[in-house]
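Presented below is the structure to which this report refers.
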Amino acid sequence: MNSADRLKRHRNARRGVTMLVALVLLAMFCGCDRGHEAPESAPLQIFVASSLTEVFEAFEAMYEASNPGVDVVISAAGSQTLRLQIEEGAPADVFVSANMRHLQALVETGHLDDERHFASNALVGIVEGGNPLEISRFEDLVRAQRLVVGGPEVPVGSYTEMMFERVAVANPGLAAELRQRIVSRERNVRQVRAKVELGEADAAFVYRSDALNFEGVEMVAIPEAFQVRASYGLGLASQLKGERRARVEDFVALTMSAQGDEVLREHGFERDVL
């Protein structure tokens with residue numbers, strides 16, 4: 001090969017490398033421009049507090065039935081866990097939290113650009129099915145030797161602590177006895193309920209929605225003077241736009257409709273603003 005041929009091959013190789021670098025930079029530029037925005041046809045990603053699992057599974061079925069070709073994916077966990085996932089980049093289109101604090105934090109950081117009241121819930125005590133300790137009133141819960149509650153970082157746990165504080169004002173001895181019986185603090189309300197269902201706890205405090213129509217446990221009412229009602233909030237991802245935002249808004253409209261109200265009531269929730 002003479003020097004001219006070698007020079008020509010060298011120039012062609014350089015052009016190939018230059019084109020490859022240009023394509024890589026173009027791909028990086030396009031990717032940065034889109035951020036975490038999902039393709040228009042990607043499934044709708046709905047993150048919900050674990051206590052709303054069955055509610056949103058019902059909404060999922062309703063929406064997909066009336067919108068063929070649209071896929072809705074429900075991710076349910078403790079509100080604090082979902083908030084952390086969103087902060088770390090999880091592609092949630094909608095976040096429904098069991099308290100407003102986690103929702104407002106994500107609005108402040110720019111992850112969500114919209115927040116609204118979604119539903120309310122009430123606390124109840126629960127005991128094992130069959131009620132072997134014959135606990136029928138709130139005061140009877142001191143018969144439980146193993147009481148389970150949500151952790152302080154979990155909405156149901158913070159609501160339970162507020163309830164204890166109200167009990168302490170009216171009856172400090174009762175509040176102290178109940179606190180002494182706490183053997184476990186769980187990371188979400190479904191784990192709290194499971195402890196009683198599996199016989200690993202005598203009693204627990206959960207949302208009314210987690211005890212209603214559930215055969216594994218029995219409810220114990222909390223007196224109105226001690227009652228703490230949970231306020232659930234809903235927020236939309238800030239990066240939503242165009243057709244995808246319209247589709248997400250359409251799904252949210254279903255959850256906020258008269259049909260949505262009926263689904264909530266069937267599962268022990270209310271729509272009233274607290």
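Annotations for the structure displayed:
- Of all positions in segment 85-99, at least one carries a residue that is under 22 Å from ARG271 (Cα atoms), assigned to a loop (DSSP other than H, G, I, E, B), touching a Phe, Trp or Tyr at 6+ places or on another chain (Cβ under 7 Å) and touching a residue at least 40 places away in the same chain (Cβ under 8 Å).
- Of the strands (runs of 3 or more DSSP E) that lie entirely inside segment 138-244, those containing 3 or more residues that are touching a Lys or Arg at 6+ places or on another chain (Cβ under 7 Å) and crowded, with 17+ Cβ neighbours inside 10 Å span 147-150.
- Residue within segment 139-152 that is modelled with pLDDT under 95 and within 30 Å of ALA92 (Cα to Cα) present: yes
- Of all residues making up segment 55-73, the number that are buried (at least 17 other Cβ atoms within 10 Å of the Cβ) and either within 22 Å of ASN121 (Cβ to Cβ) or at pLDDT below 95 (or both): 6
- Meets criteria (out of contact with any Cys (no Cβ under 7 Å at 6 or more places or on another chain), in a loop (DSSP other than H, G, I, E, B) and modelled with pLDDT of 55 or more) for ALA76: no
- Failed criterion for GLY129 (all others in (1) more than 30 Å from GLU88 (Cα to Cα); (2) loosely packed, with under 14 Cβ neighbours inside 10 Å hold): (2)
- ASN188 meets each of the listed conditions (1) touching a helix residue (DSSP H, G or I) at 6+ places or on another chain (Cβ under 6 Å); (2) closer than 15 Å to VAL228 by Cβ; (3) in contact (Cβ under 8 Å) with a residue 12 or more places away in the chain apart from (2).
- In segment 121-150, the residues that are acidic (Asp, Glu) form Cβ pairs under 7 Å with partners that are in a strand (DSSP E or B) and buried (at least 20 other Cβ atoms within 10 Å of the Cβ), at six or more places apart or across chains, as follows: GLU128/VAL217.
The values are calculated or read from the model by the stated rules, or taken from the named source; none is laboratory data. Keep in mind that this is a model prediction, so the values were computed, not measured. Cβ atoms come from the backbone with ideal geometry, glycine included; neighbour counts cover every protein chain shown.
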